[in-house]
Amino acid sequence: MNTLSAFTPDELIAKLGEDIARLRLDKNITQLEVARRAGVSRTAVVNLETGRGATLYTLVRVLRVLGREDWLGALAPRVTVRPLELRRLGHGRQRASSKGSGD
């Protein structure tokens, strides 16, 4: 079981904000400096770090400033299997046979 599945959405947002704040502090950058570099308001950075809500735009811009765009890959991993492509290649869903069903 994924340990994150035990958290509520609000708890996950707060945890993400804490992780971003910790990353920023580890890089010794102020909220104001992150905001300036990201092209967002300081309030937007504060809201992101405290889990009070932020736009996806703010999240992406701040992660870029902090050099962690790779975190976004976990949010939207690249799809390597395309169900429609499998079906075209003859690997589509098959129906169960009614023979030998034991009914």
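Data overview
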read-out: Vicinal HN-Hα couplings computed from phi for the range 3-9 (Karplus, 6.51 cos²θ - 1.76 cosθ + 1.60; Hz; Gly/Pro x); value: 5, 6, 5, 7, 8, 6, x
read-out: Only Lys, Arg (+1) and Asp, Glu (-1) charged, at Cβ; the range 9-69 dipole about Cα centre in debye; value: 300
read-out: Length added when fully stretched, ARG52-ASP70, from 0.36 nm per residue minus Cα-Cα; value: 4.2 nm
read-out: The range 1-81 - percent relative contact order, Cα under 8 Å, separation 6 or more; value: 27
read-out: Ascending count of other beta-carbon atoms within 10 Å, so fewest first, for VAL45, VAL62, VAL40; value: VAL40, VAL62, VAL45
read-out: Cα gyration tensor, the range 9-69 - rounded (a/c under 1.5), prolate or oblate; value: prolate
read-out: Pair THR30, LEU4: separation of 7 Å Cα→Cβ label points (nm); value: 3.2
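Laboratory data are not the source of any read-out in this text; all were calculated from the coordinates shown. Model, not experiment: these values are computed from the prediction. Counting neighbours? That spans all protein chains shown, and the Cβs are built from the backbone with ideal geometry, glycine included.
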